[in-house]
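Reading through the structure tokens given below for one structure.
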Amino acid sequence: MFPKRHNEPGYALLSDALNATPAKTVNRYGTPIQTVKADDKRYNQSLNINNDQGIGENPDRYKQHGFYFNADNCIACHACEAACSEKNDNPAHIAFRSVGFVEGGTYPAYQRLNISMACNHCDDPVCLKGCPTRAYTKFAEYGAVLQDPDICFGCGYCTWVCPYNAPQLDPVKGQVSKCNMCVDRLEVGLKPACVAACLGNALDFGVTENIPQNRSQAKAEIPGFPRTDITHPNIRFQQTRTSQRDMTRVDQADVKYHRDEISGQYKPVLDPKHGKQRTWNLNKLLGSHENAHIAFTLSVQTVMGAFLMLLSGVWLAPLATLKSGPALLPALGLMLLMMGFGLFKLNMHLGKPHRFYRGFYNLRHSPVSREIAGVSAFFGGLLGYSFFALFDSTVAQLLQNLFGLLALTGAVLGGYFMYKLYRIEARPFWNHWYTGATFAATALVLGALLLALLALLLNALTPALNTTLLLLISAGLVLETVGLLGHARSLQAAASEGAASFYQQTTFYGKAYWSRNLLLALALLIAGSMLFFNSHNSIAYGLLAVSAIAVNILSRSLFYVVVIPTTMPGAFFWKNAGFVEHARETGLADMPQLGVVYERHHAFKLDELWETITTTSMKQKLDQLRRVFSG
């Protein structure tokens, strides 16, 4: 455990210093503060910190603890950040605790509100439920939510679902880590390192809902703090000074916080910092960090759509000609190639690709695990179906049908949970039915287009089949259009970060956005005209393919790039996505004191591989490669 000095100052000692009011038994969310009862099997167990079998003597060990932040006292000295990073031996680009701020008013009535934030060790931790590898555990001791980086495979989904930016994905190591509540200090009667280091006495720590001495408030929210109903965070605030009606962020996010005059609460609304000029920014749109997700979702949804259409030949006679015609085997082969490509891109996007098998660990809670299981079942079923399609026998037909049923089940489950994993409260732009609509539209449009082009190429596109596939393509394009209209209408009226996402989509990426809309209209016009004249002209199909593929690539790129999460506000430099991007583009990221690094966890993978190589010549070659990758 953490070695406690004999002369620890009083401000560093853990004590539940209460006011005269009696301690509460449940918190404001209705959750019991006592985590377990004395007769529970988890009671009086060691946390085994660094293999130490000791057990802390704190009488409140089995009560939910949390941080207390007095915004009136914080001077933004960042001592809490420094103490936390030193305690956890964090590199400069990783900070479990961060200090950001919002500001409002004008001189002489200018106000700045500093906010120090780490993990809030929530009652309902969405990071724990979302993590596919089960790297998170909520302990009965202190109610701490702890994460094990050695289990994590670096998918970063916990960083998506957490509203407070608590989990930190290291772009160098390719794994997540976060605040651990300094449980090793708590066990020996010390407050967390950040609390003990606070110069202004702004941070405190203790049993949740117990107001520390010399404090008068324990509010659940202050301006800039995201909604509490998502996770029920265990942090309380004091802010006695009245804030301005509008409190703005100084980072890149086009968001400000507006006080509702009826409830008095601050809600995020649009703050259009970048004007109304429309630009392309195609290099950022098409070169984003999430390109692997774009490739995966587009390829897998295309293949799922095409395969389900093949199977539907049992009920739809025109599609039955595909199953018995020359296009079947080439179609299945192309589907396998596309699935392999999508799965490879997704796996190599992980921080630790060699730990991919851990994605199945949390089928009970994680939509990511369920998506992985569904897509894997679909891929296995598709592989078996394709193999037995090569043989012409009763047994082969039976096995082919069984694998087809497996693929059908996998497609339904995998597709559904692919949609569910994006319905994230902390990302309002995604948390809309449009997400499901656009995924289904991709399956319809690109799936039918794949089959149509193959049939056309192999001279197997009959008039009936052509009409059926064009109907499916048209239905997908209409679904995409309806989804876009509903999404735009919802976001424009939203009091959330979703309004800022829509603003960024129509300005910063405005020319790409409107190009996508025009291409969508063009694709609808071409598909409708071909359907009306029952045409299967190769030039028309080529134009339809180009426009439909461009629409899907642009739509999916915008889907990932413009999303603005409900994270805590950063500072002008620190925790500011705009500055991070600027630093990487201009070379400032080479200065470690700025806390910005390039994404290069592939160099860390070479370090791991290095330890397993014994041949001297191979070591020398890898050492050269490592120097190149590390710059």
* Leading residue by the ranking (modelled with the lowest pLDDT) among those in segment 309-349 that are of a type in the set (S, T, N, Q) and farther than 19 Å from residue 476 by Cβ -> 324
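Residues are listed down the side, and each one gets a yes or a no for (1) farther than 25 Å from residue 153 by Cα; (2) more than 19 Å from the chain's Cα centre (by Cα):
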{"residue": "339", "(1), (2)": "no, yes"}
{"residue": "346", "(1), (2)": "no, no"}
{"residue": "365", "(1), (2)": "no, no"}
{"residue": "394", "(1), (2)": "yes, yes"}
{"residue": "400", "(1), (2)": "yes, yes"}
{"residue": "409", "(1), (2)": "yes, yes"}
* **Members of segment 407-425 that are touching a residue at least 40 places away in the same chain (Cβ under 8 Å) and either over 22 Å from residue 373 (Cα atoms) or outside any helix (DSSP H, G or I) (or both)** => 421, 424, 425
* Which residue, of 575, 619, is modelled with pLDDT under 85, surrounded by 18 or more Cβ atoms within 10 Å (Cβ to Cβ) and among the charged types (D, E, K, R)? -> 575
* To do: Take residue 57 and decide whether it is part of a loop (DSSP other than H, G, I, E, B) and out of contact with any strand residue (DSSP E or B) (no Cβ under 7 Å at 6 or more places or on another chain).
  => yes
* Asked: Looking at 404, 340, 351, which is the one that is part of a helix (DSSP H, G or I) and buried (at least 16 other Cβ atoms within 10 Å of the Cβ)?
  -> 404
* What tally of residues in segment 80-100 results from selecting those that are in a helix (DSSP H, G or I) and crowded, with 19+ Cβ neighbours inside 10 Å? -> 6
* Structure fact -> Condition set surrounded by 20 or more Cβ atoms within 10 Å (Cβ to Cβ) and among the charged types (D, E, K, R), scope segment 232-253, selection farthest from the chain's Cα centre (by Cα): answer is 236
* Looking at 542, 528, which one is closer than 19 Å to residue 444 by Cβ, at pLDDT below 95 and surrounded by fewer than 22 Cβ atoms within 10 Å (Cβ to Cβ)? -> 528
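Here is a yes/no grid of residues against (1) within 22 Å of the chain's Cα centre (by Cα); (2) closer than 30 Å to residue 267 by Cα; (3) not in a helix (DSSP H, G or I):
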position: 427; (1), (2), (3): yes, yes, yes
position: 432; (1), (2), (3): yes, yes, yes
position: 440; (1), (2), (3): yes, no, no
position: 446; (1), (2), (3): no, no, no
position: 449; (1), (2), (3): no, no, no
position: 465; (1), (2), (3): no, no, no
position: 476; (1), (2), (3): no, no, no
position: 482; (1), (2), (3): no, yes, no
* Asked: Given the residues 486, 510, 447, 476, which is the only one that is closer than 30 Å to residue 163 by Cα and either among the aromatic types (Phe, Trp, Tyr) or crowded, with 18+ Cβ neighbours inside 10 Å (or both)?
  -> 510
* Got a number for residues in segment 177-203 being outside any loop (DSSP other than H, G, I, E, B) and out of contact with any helix residue (DSSP H, G or I) (no Cβ under 6 Å at 6 or more places or on another chain)? -> 6
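The values are calculated or read from the model by the stated rules, or taken from the named source; none is laboratory data. It should be emphasised that the depicted structure is a prediction, and the values quoted were computed from it without experimental measurement. Note: ideal-geometry Cβ built from the backbone for every residue, glycine included; neighbour counts use all protein chains shown.
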